[in-house]
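A.B. asks: Quick one: this structure, given as structure tokens, is what I'll be asking you about.
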Amino acid sequence: MTFGDGLPPLRAVMTEFGLDPRKALGQNFLLDLNLTGKIARQAGPLAGHRVVEIGPGPGGLTRALLANGAEHVVVVEKDTRCLGALEAIGRHYPGRLTIVSGDALKTDVADYGDGRPLKIVANLPYNIGTQLLLDWIAAPVWPPVWSDLTLMFQREVAERIVAEPGSNAYGRLGVLCGWRCRARMLFDVPPDAFTPPPKVTSSVVRIEPRPDPIAVSLTSLERVTAAAFGQRRKMLRQSLKPLGGEALLERAEIDPTRRAETLSVAEFCALAARL
Ligand code: SAM
């Protein structure tokens, strides 16, 4: 094996702890430690950094983060069957791993910091990935407690996150992400890299907070994008009717015959500011 952290291969770990993957928990595990190493390295130099990983499962990415020098890793895992495997990793890297047993949707990453910016790295469960990202983008304090996110999503979701105006993938997620962050696509991971293989290709995305996003209320931005993209083929004067229609568009100096997908993030912010 090219990856020598001295811990057993992940397949043996799955057998030892009875970790048969469960669909309801979005369990598509990465067992190739070269691949988890590649993902970990996308988070930048890890030495001296505290990293939060959501959904470590049997710990393939966790091991890569620690082997690549992360000072401390906090993992949040909902499936208690994984705890034994994670504790073994903790014993191998004494004092460098904190295991949180629970639902990531009910926890706040700010609780895992030590005052320095956190890195968040995760192969996210498909069913909650978008919600977690939106929660992190909606942080009440900006810049947030995290300095960067290195995340795996279904490719289709990754495309929506990095989408530019004018593209089919551009929508609410792209506007909200583009408002507060810069996001870029890193690389694809084919289905056969996972156990079991999902039906779709996955992609790793890197997201960094903008230091000074346009000052606007998140609630207003969400209302405008939901209305505009809810009827994306219609002209804005029609889709935004419930929010003021032509009068709102006039205040924001936006042509009412345009369609949602042509508006820049700054134009959506202008509309949100005039709601
Ligand atoms: N990081 C591992 C890897 O790359 O092989 C596992 C990734 S797997 C796609 C998603 C993981 O998230 C699973 O271990 C699953 O149990 C966990 N998970 C699912 N829902 C969760 C939740 N609400 N909170 C925390 N972990 C969750």
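A.B. asks: Among the numbered criteria (1) surrounded by fewer than 19 Cβ atoms within 10 Å (Cβ to Cβ); (2) touching a residue at least 60 places away in the same chain (Cβ under 8 Å); (3) under 15 Å from the mean Cα position of the chain (by Cα), which single criterion is violated by E156?
C.D. replies: Result: E156 passes all but (2).
A.B. asks: For the structure I just gave you, tell me whether G95 is within 26 Å of A110 (Cβ to Cβ), open to solvent by 10 Å² or more (accessible area, probe 1.4 Å), without any contact (Cβ under 8 Å) to a residue 60 or more places away in the chain and more than 8 Å from the ligand (Cβ to nearest atom).
C.D. replies: Against the criterion (within 26 Å of A110 (Cβ to Cβ), open to solvent by 10 Å² or more (accessible area, probe 1.4 Å), without any contact (Cβ under 8 Å) to a residue 60 or more places away in the chain and more than 8 Å from the ligand (Cβ to nearest atom)), G95 qualifies.
A.B. asks: Given the conditions (1) in contact (Cβ under 8 Å) with a residue 24 or more places away in the chain; (2) under 23 Å from A215 (Cβ atoms), and given that V141 satisfies all but one, which numbered condition is not satisfied?
C.D. replies: The failed condition is (1).
A.B. asks: Identify the single condition in (1) near the ligand (Cβ under 10 Å from one of its atoms); (2) open to solvent by less than 20 Å² (accessible area, probe 1.4 Å); (3) closer than 26 Å to V13 by Cα; (4) of a type outside the set (D, E, K, R) that L151 does not satisfy, given that it satisfies every other one.
C.D. replies: (1)
A.B. asks: Right, next: For the list (1) away from the ligand (no atom under 16 Å from the Cβ); (2) aromatic (F, W, Y); (3) open to solvent by 10 Å² or more (accessible area, probe 1.4 Å), I need the number of the one condition that Y170 fails.
C.D. replies: For Y170, the failing item is (3).
A.B. asks: Here is a follow-up. Identify all residues within the stretch 64-82 that are more than 11 Å from the ligand (Cβ to nearest atom) and assigned to a helix (DSSP H, G or I); write none if there are none.
C.D. replies: Selection gives L66, A67.
A.B. asks: Taking A193, is it among the aliphatic types (A, V, I, L, M) and either outside the structural domain of L151 (by TED's automatic domain parsing) or within 29 Å of P143 (Cβ to Cβ) (or both)?
C.D. replies: no
A.B. asks: I need a count of the residues in the stretch 131-146 that are open to solvent by 40 Å² or more (accessible area, probe 1.4 Å) and more than 16 Å from L221 (Cβ to Cβ).
C.D. replies: Result for the stretch 131-146: 4.
A.B. asks: State the number of residues belonging to the stretch 81-124 that are among the aromatic types (F, W, Y) and in contact with a strand residue (DSSP E or B) (Cβ under 6 Å, 6 or more places away or on another chain). Break it down stepwise before answering.
C.D. replies: So in the stretch 81-124, the residues among the aromatic types (F, W, Y) come out as 93, 112.
Restricting the remaining residues to those that are in contact with a strand residue (DSSP E or B) (Cβ under 6 Å, 6 or more places away or on another chain) gives 112.
Total satisfying the criteria: 1.
A.B. asks: Tell me which residues, restricted to the stretch 249-267, are farther than 14 Å from G166 by Cα and open to solvent by less than 40 Å² (accessible area, probe 1.4 Å).
C.D. replies: L249, A252, I254, P256
A.B. asks: Is it true that some residue in the stretch 222-233 is away from the ligand (no atom under 16 Å from the Cβ), within 19 Å of W136 (Cβ to Cβ), of a type outside the set (A, V, I, L, M) and in the same structural domain as G57 (by TED's automatic domain parsing)?
C.D. replies: Within the stretch 222-233, none of the residues are away from the ligand (no atom under 16 Å from the Cβ), within 19 Å of W136 (Cβ to Cβ), of a type outside the set (A, V, I, L, M) and in the same structural domain as G57 (by TED's automatic domain parsing).
A.B. asks: Quick check: is even one residue across the stretch 11-27 near the ligand (Cβ under 9 Å from one of its atoms), open to solvent by less than 10 Å² (accessible area, probe 1.4 Å), at pLDDT 95 or above and not in a loop (DSSP other than H, G, I, E, B)?
C.D. replies: Within the stretch 11-27, not a single residue is near the ligand (Cβ under 9 Å from one of its atoms), open to solvent by less than 10 Å² (accessible area, probe 1.4 Å), at pLDDT 95 or above and not in a loop (DSSP other than H, G, I, E, B).
A.B. asks: So which helices (runs of 4 or more DSSP H) are wholly in the stretch 214-275 and hold at least 3 residues that are more than 25 Å from the chain's Cα centre (by Cα)?
C.D. replies: In the stretch 214-275, 236-239, 245-251, 265-273 are the helices (runs of 4 or more DSSP H) which contain 3 or more residues that are more than 25 Å from the chain's Cα centre (by Cα).
A.B. asks: Take the stretch 112-129 and flag every residue that is more than 9 Å from the ligand (Cβ to nearest atom), open to solvent by 40 Å² or more (accessible area, probe 1.4 Å) and closer than 24 Å to F153 by Cβ.
C.D. replies: Within the stretch 112-129, P117 is the sole residue that qualifies.
A.B. asks: Does any residue in the stretch 32-50 that is assigned by TED's automatic domain parsing to the domain that holds H72 come within less than 7 Å, Cβ to Cβ, of a residue that is hydroxyl-bearing (S, T, Y) six or more places away or on a different chain, and which pairs are these?
C.D. replies: From the stretch 32-50, the pairs are N34/T2; I39/T150; Q42/T150; A43/T150.
A.B. asks: Mind listing whichever residues of the stretch 30-63 are away from the ligand (no atom under 14 Å from the Cβ) and either in a loop (DSSP other than H, G, I, E, B) or open to solvent by less than 30 Å² (accessible area, probe 1.4 Å) (or both)?
C.D. replies: First pass over the stretch 30-63, keeping only residues away from the ligand (no atom under 14 Å from the Cβ): 41, 44-50.
Residues satisfying the conditions are G44, P45, L46, G48, H49.
The values are calculated or read from the model by the stated rules, or taken from the named source; none is laboratory data. Because the structure is predicted, anything quoted here is derived from the model rather than measured. Methodologically, a virtual Cβ is constructed for each residue, glycine included, from the backbone with ideal geometry; neighbour enumeration extends over all protein chains shown. Quick note on the areas: whole protein, heavy atoms, side chains included, nothing else; ligands and nucleic acids left out. Shrake-Rupley method; radii C 1.70, N 1.55, O 1.52, S 1.80 Å.
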